[in-house]
Amino acid sequence: MAGREGDDMNSNRDWSSQPPYILEEYKSTVLRGPTKPLVPIAQSLSELTGPVYGHEAVRDFDSDLTKNARVNGEPLGERIIVAGHVVDEDNRPLPNTLVEIWQCNSAGRYVHAADQHDAPLDPNFLGAGRCVTDENGRYEFRTIKPGAYPWRNHPNAWRPNHIHLSLFGKSFVSRLVTQMYFPGDPLFEFDPIFNGVPEGARERLVSSFDLSLTEPEFALGYNFDIVLRGPKATPMED
Amino acid sequence: MKRGQTPSQTVGPFFAYGLAPEQYNYPFASLAGGSMAGDTTEGQRIRVIGHVYDGAGDLVPDALIEIWQANAHGRYNHQADDRKDNLLDPDFKGFGRFGTGTTPDNRFIFDTIKPGSVDGRQAPHLNVVVLMRGMLLHAYTRMYFADEEAANASDPILSAVPEDRRGTLIARRDPDLPGVVYRFDIHMQGERETVFFDV
Ligand SMILES: [Fe+3]
């Protein structure tokens, strides 16, 4: 494959980095994941293009969840800064890329109407935000550290603290929806969603505490880099 | 230095106020919704209605469907598509997003335009991403149009799909509804399991 086409092609999903569709331990996958083999197809313009949302899509405070839903005061909980770089597999920064996040509040309760967990809502916290990476692929959010919450997958099941993220990247096939975790969470070993990712890859979902990101007297900082499917390695030409 | 791909995780049950807030009536602006065509968008207006079924044949009430499509000239609104002969449409972005949790029968609804043929070889189609609680990884599929029989017959992607499963990718006109409405149901499993792509 030569020239422009080769440069534009995306790498494939790396199945050694990705969780399976069906995972007995995560019960609702059993009736919801595809069971037939995926049909491999070549990438065309349909796969090499994708939705573009730049700075025009983001308003002031969209990236500051401690401020973007205030009603009569500040949200409760531990303020944190979550920042990192969005890059491709060649470690090239992806500038002007949309990052959307959503999460529960510090008590472990989501604003979503279907969340019936008996923990308080926070009138000053929505838990949704978005931002666009800068010219170096860097993004930054200010938010409240999400709490752990129970779910019904198995007896006494609790999700580790996490923030949900959604990114498009360069094209529709680099689409990524994932979750960011916090270092040293004691719930990791019991969580089938986290453990559904092969060992060696799941560690990439854990942010690192970063004192240099911390803002004195204000908030702790966590670093989380996101690696999206990048250009396919092009064969050497001689 | 090669860096490993960030693994996917489920979108979970509570994505609505983050990814489709206006559709679900949360106080946050939506980037995109089911209404993809504006007042001056070129092309034939169509509505796409579908359901998502799980392996027990039950409706999935908490799926998120995303659409990415070309405009009426077959051009994608993206820098990688720089074909000058296919015009861009300033009133068409090509992206839609709709959750199955706001209608009584858990349908998704997209109001858009019928895309043109992308590169002379591919039949008109919508690129579809399926996300839901219970999927650790989203799935890719495509929606083609039953009334594009000739184009479908020579489409390279459809040709890569076993013949007995091609029908799962083809939306049919619903003659009982006003306007141009196509029905496209997504079956996650079973006899009629939708074809999903490794791409
Ligand atoms: Fe969650």
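The values are calculated or read from the model by the stated rules, or taken from the named source; none is laboratory data. The structure presented is a predicted model; accordingly, all values stated were derived computationally and were not measured. All Cβ positions, glycine included, derive from the backbone under ideal geometry; neighbour counts span all protein chains shown. What goes into the accessible areas is simple: the full protein's heavy atoms, side chains included, and nothing from ligands, DNA or RNA. Shrake-Rupley method; radii C 1.70, N 1.55, O 1.52, S 1.80 Å.
Overview of results
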item	result
Residue identified as within 13 Å of chain B (Cβ to nearest Cβ), buried (at least 18 other Cβ atoms within 10 Å of the Cβ) and within 16 Å of the ligand (Cβ to nearest atom) among A:V111, A:V132	A:V111
Selection count where residues are hydroxyl-bearing (S, T, Y), out of contact with any Ser or Thr (no Cβ under 7 Å at 6 or more places or on another chain) and either surrounded by fewer than 19 Cβ atoms within 10 Å (Cβ to Cβ) or within 12 Å of chain A (Cβ to nearest Cβ) (or both), scope the stretch B:104-143	2
Hits in the stretch B:144-188 (condition: in a loop (DSSP other than H, G, I, E, B), in contact with a His (Cβ under 8 Å, 6 or more places away or on another chain) and open to solvent by less than 10 Å² (accessible area, probe 1.4 Å))	B:D155
Among (1) facing chain B (nearest Cβ under 8 Å); (2) within 16 Å of the ligand (Cβ to nearest atom); (3) free of Cβ contacts under 8 Å to residues at least 60 places away in the same chain - the single one A:V30 does not satisfy	(2)
Pairs, first open to solvent by 10 Å² or more (accessible area, probe 1.4 Å) in the stretch B:43-55, second of a type in the set (F, W, Y), C-beta under 6 Å, six or more apart	none
So A:L126, is it within 18 Å of A:R79 (Cα to Cα) and either open to solvent by 60 Å² or more (accessible area, probe 1.4 Å) or among the aliphatic types (A, V, I, L, M) (or both)	yes
Contacts under 7 angstrom Cβ, first residue in the stretch B:131-145 being more than 15 Å from A:I193 (Cα to Cα), partner surrounded by fewer than 23 Cβ atoms within 10 Å (Cβ to Cβ) and modelled with pLDDT under 95, 6 or more apart	B:Y140/B:V199
Subset of the stretch A:105-141 that is assigned to a loop (DSSP other than H, G, I, E, B) and small (G, A, S) - its residue that is farthest from A:W158 (Cα to Cα)	A:G137
Output for the stretch B:9-41, where each listed residue is open to solvent by less than 30 Å² (accessible area, probe 1.4 Å), over 14 Å from B:E66 (Cβ atoms) and part of a loop (DSSP other than H, G, I, E, B)	B:Q9, B:T10, B:G12, B:F14, B:P21, B:F28, B:A29, B:A37, B:G38, B:T41
Subset of the stretch A:91-104 (residues that are more than 16 Å from the ligand (Cβ to nearest atom) and either in a loop (DSSP other than H, G, I, E, B) or of a type in the set (D, E) (or both))	A:N91, A:R92, A:L94, A:P95, A:N96, A:T97
Only listed residue being of a type in the set (A, V, I, L, M), farther than 23 Å from A:N153 by Cα, within 16 Å of the ligand (Cβ to nearest atom) and at the interface with another protein chain (Cβ under 7 Å from one of its Cβ atoms), chosen from B:L31, B:L19	B:L19
